[in-house]
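Taking it in order: structure first as C-alpha cells, then the write-up.
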Amino acid sequence: MIPVIGLTLRALGRGRRLLVVGALLLVPGLLMLTFLGSGSNGDSGTFGLQLFDRLVLPVLLPLTALIFATSALGNEREDGSLPYLTLRPVSRIVLVWAKLIAATIVTAGLVVASLLLMYLVGLTGAWGGSTLSSALVASALGCFAYCALFLGLGLVAPRRGLIVGLVYVLTWEGTAALFSPALATFSIRRYAEGVLDSGLSADQVSQIRPVDLGGTASVVVLCVFVAVCTGFTTWWLRRLQLP
Amino acid sequence: MTVSPEAPLEERGTRIVDESPVVEVEHASKWYGDKVAVSDLSFTLGPGVTTLLGPNGAGKTTTLRMLAGLLRPSQGSVRVLGHPIFDNPPLYRHIGLVPEQDALYPFLTARQFVELAARLEHLPDPGAAAQRALGTVDLLDVQDRKLGGYSKGMRQRAKIAQALVHDPQVLILDEPLSGADPAQRLELMHVFTELSNQGKTVLISSHILYEAERMGTRVLVIVEGKLAAEGDYHAIRSLMDDRPRRVAIACTNAREIARLLIGLEGTCGLEITDQGLVVQTVTALDLYRAVPRAAQQAGAHLYSVEGLDEDLESVFRYLVGS
C-alpha cells in the first residue's frame, strides 16, 4: 500500500493544481482578516464559526476533495498508466484504499492548513481548544468522505468526473442541502457539521443552526459512507476493462 | 497441467514445459457495441518467442490486452497457466506487460519507476531487482533521470525493465521496439531471445516482418480481428514469396522495355502506364535484375523500380485470401 500512497502523493502534489487550490484556501483567512480590519463590533469567534460552517465545510472542502480525489485514479485511467498498478499482484481493495488515503492526506492537509491560518489570523482568543479540535476533526472526516465519493467518480467517469462533481458540490452540498434540512440528510456536509457540533457548546451551535446534529451518529454515518464508496470503487476497479 | 497462481513457479520445483500450453486462447472474441475488435481467436502459446503480426488496427493490441488480463473476452476464454486471467491479481506475478501506450509517470526516475514495480511485486530486494532489470535494457547510466525527460526509445526500455523486474514466466510486449534505434533494436531482440532460451513465454506484437524473422520462428498473423495464419515464420514467408507481386517501373520507352520483359520467366502480366509500366511477376528478384539490362538494350532512361505489394497490409491480405 505504501508505494502506491507515495506515488499518488507525488502525482497529486505537482503542477498548477496545488497552487490554484492553495490560493483558493487562503480565502477564509483573508475574509477573517477583512472582518477584523473592518472594525466590526461582531464576535470574531461567531464569525469564524459561520465562515467555517458556511464556506469551508460546504464549498471549499468538497471542491478541494473533488480536484484531488477525481485525479487520484482518474488521471491514470485516462492517460493509460493504470496497468502499471493493476497488473500487479495487489488486491484491488488495497489499491483503492491507498489512493483514498493519499487523496485524503493532500486534501485534509490543505484544508487544515487553511483552517489553522484562519485561526491564527483572528481566532486564537475567540475559539477554545474544543472548538478548534472539533473543526479539525470535522474537516478531516469530511475530507475522508468526500474523497471516497470523488475517487469513485474519477474512476467511473475520468473525463467528466470533475464537471459532474462540480455540479454536485455547488447545487447539492452548497445550495440544496443548505436550505432544506430534509435534503441535508442526504448530504455529506450534514454529517461533517454533526462532527463539528460535538465540540461546540449549546450557545455556539445555536449561533449557526437550530439543532445539534449529534457527533457520534455523524461519525458512524461518515464511516459507513466511506466503506460503501470504497466498496463500490473496488467493485468497479475489479470489473474495469482497459482497451 | 494446472498450477496454482499463488505459488511462485520456482517453489513448485517445476518449469512449464512444451507439452502444456502456458497461454490458452479458446474461441475468444471481443467486441465494443457493434464493432468487433477480434473474432473467434484460438491458439496456444508455450515457451519461446512468438510474434503477433498484423497491420495497424488488426486487433493485435486487443488480443494482447485480453492475454494480459486488461480486457475480458466478450466470448470464449483466455487462460494463463491454466487459470482465467481477467480479474486474477495473484496470477499477475507471472506476467509482465509492456503496453503500447506511452504514458509513464514523468515525475519518477527510471530507477524509482522500476523499483515501484518491484515493490508492488513484493520482491525481497526491490533495489537489486530494479538494477538487474535496468541493466538488462541498458538504462543504468541514465536511471536517475526523470522519465519525463526521456526519449521515446528510452521510455520503451524503461517500460520493458518494469515488465522484467519480477522475472515473469510470461512476457507480453506491445510493439516494444517502436522508438528504439537500430542498435537498441538488436540489443532488445537479443534480450527477448535470451528470455526465450530461459524457458519464458514471450509474445511480441509487431507490424514489421523483419523483426519477426529476427526474434523467433513462430508467428501468429492477425488480420481484421481474425487469425489469418499461425505457425513457422519461414513457411509463411515462403507462402508470401510464391504470390504474384506488382513492380512499378518508371522509365522512358516503356513499350520496348515491356517487349523485352514479357518473355522473362515468372512474368504474369504487363501494363503500360503514364510513368512507364507495371509488371506482375512471381519471380520479383529475377525481374529486378532484368530491368536495368532491358532499359540499356532499349536505350531508355530508368528512373525507379518499386514493388507495389511490399507493405505488410497487402501481404496480410494475400494471406487471408489464400
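Over the stretch B:154-308, the ratio between the Cα radius of gyration and 2.2 N^0.38 Å evaluates to 1.44.
Computed over the alpha-carbon atoms, the protein assembly as shown gives an Rg to Rh ratio of 1.15, Rh here being the Kirkwood radius from the mean inverse distance.
Packing around the peptides B:51-57, A:88-94, taken as the average count of other Cβ atoms within 10 Å per residue, puts them in this order, highest first: B:51-57, A:88-94. Computed from backbone phi with θ = phi - 60° and the Karplus coefficients 6.51, -1.76 and 1.60, the 3J(HN,Hα) list for the stretch A:149-165 is 5, 6, 4, x, 4, x, 6, 6, 9, x, 7, 9, x, 5, 5, 4, x Hz; x is used for glycine and proline.
For the cross-link pairs B:Lys152/B:Lys200; A:Lys99/B:Lys200; B:Lys30/B:Lys146, which exceed 28 Å when the distance is taken from alpha carbon to alpha carbon?
Correct reply: A:Lys99/B:Lys200; B:Lys30/B:Lys146.
Relative to the longest principal axis of the Cα atoms of chain A, the long axis of helix A:215-239 makes an angle of roughly 20 degrees.
Only Cα sites of chain B enter the Debye sum here, all with the same form factor; the resulting log10 I(q)/I(0) across q = 0.08, 0.14 1/Å is -0.47, -1.05, listed in q order. With a 10 Å cut-off around each Cβ of B:125-131, the average count of Cβ atoms from other chains is 0. The modelled label-to-label distance for the pair B:Leu308/B:Arg259, using points 7 Å beyond Cα in the direction of Cβ, is 2.4 nm. Fully extending the segment from A:Ser40 to A:Ser180, taken as 0.36 nm per residue of separation minus the present Cα-Cα distance, adds 47.4 nm. Projected label points at A:Thr171 and A:Ala217, each 7 Å from Cα along the beta carbon direction, are separated by 2.9 nanometres. Projecting the Cα atoms of B:Asn88, B:Gly263, A:Pro3 onto the charge dipole of the protein assembly as shown (Cβ charges, centred on the Cα centre) puts A:Pro3 farthest toward the positive pole.
Only the Cβ atoms of Lys and Arg (+1) and of Asp and Glu (-1) were treated as charged; on that basis the dipole of chain A about its Cα centre amounts to roughly 1040 debye.
Among residues other than B:Leu97 with Cβ under 12 Å from its Cβ, the summed charge is +1 (Lys and Arg +1, Asp and Glu -1). Electrostatic tally near B:Leu277: other residues with Cβ closer than 14 Å to its Cβ, Lys and Arg +1, Asp and Glu -1, net -1.
Relative to the Cα centre, the charge distribution of chain B, modelled as +1 at Lys and Arg Cβ and -1 at Asp and Glu Cβ, gives a dipole magnitude of about 360 debye.
With the charge dipole of the stretch B:152-231 set up from +1 on Lys and Arg Cβ and -1 on Asp and Glu Cβ about the Cα centre, the Cα lying farthest toward the positive end among the listed residues B:Ile160, B:Val191, B:Val221 is that of B:Ile160. Inter-chain neighbour count for B:98-105: the average number of beta-carbon atoms from partner chains within 10 Å of each residue's beta-carbon is 5. Taking every DSSP helix (H) stretch of at least 4 residues in chain A, weighting each as -39,500 (n - 2.57) and dividing the sum by the residue count yields a mean residue ellipticity at 222 nm of -23000 deg cm²/dmol. Taking a sphere under 14 Å around the Cβ of A:Ala135 and counting the other residues whose Cβ falls inside, with K and R at +1 and D and E at -1, yields a net charge of -1.
Between A:Ser133 and B:Ser77, the FRET efficiency estimated from the beta carbon spacing at R0 = 51 angstrom works out to 0.35. Inter-chain neighbour count for A:86-97: the average number of beta-carbon atoms from partner chains within 10 Å of each residue's beta-carbon is 5. What is the angle, in °, between the Cα long axis of helix A:2-12 and the longest principal axis of the Cα atoms in chain A? Nearest 10 is fine, range 0 to 90. Helix A:2-12 sits roughly 70 degrees off the main axis of chain A. Helical runs assigned H by DSSP (4 residues or longer) give chain B a calculated mean residue ellipticity at 222 nm of -10000 deg cm²/dmol, each run adding -39500 (n - 2.57) before division by the residue total.
Amide H to amide H distances under 5 Å link B:Arg218 with B:Thr51, B:Tyr233, where only residues 5 or more positions off or on other chains count and H is placed in the peptide plane. Protection proxy ranking of A:6-16, A:131-141, B:62-72, by the mean of other Cβ atoms within 10 Å over each peptide's residues and highest first, is B:62-72, A:131-141, A:6-16.
When you filter the trypsin sites (Lys or Arg not before Pro) in the stretch A:112-195 for DSSP loop state and at most 14 other Cβ atoms inside 10 Å of their Cβ, you are left with A:Arg159, A:Arg160.
A dipole drawn for the stretch A:98-222 from +1 and -1 charges on Cβ atoms has a positive end, and of A:Thr131, A:Ala102, A:Ala145 the residue lying farthest that way is A:Ala102. Take the convex hull of the alpha carbons in chain A; its mean projected area over all directions comes to 13.2 nm². Label reach from B:Asp286 (point 7 Å along Cα→C-beta): in the stretch B:243-261, amide nitrogens under 15 Å belong to B:243-245, B:260-261.
Read-outs throughout are calculated quantities, based only on the coordinates presented, and are distinct from any laboratory measurement. Predicted model, so just to flag it, every value in this text is computed and none were measured. Don't worry about glycine lacking a Cβ; one is built from the backbone with ideal geometry, like all the others, and counts go over all protein chains shown.
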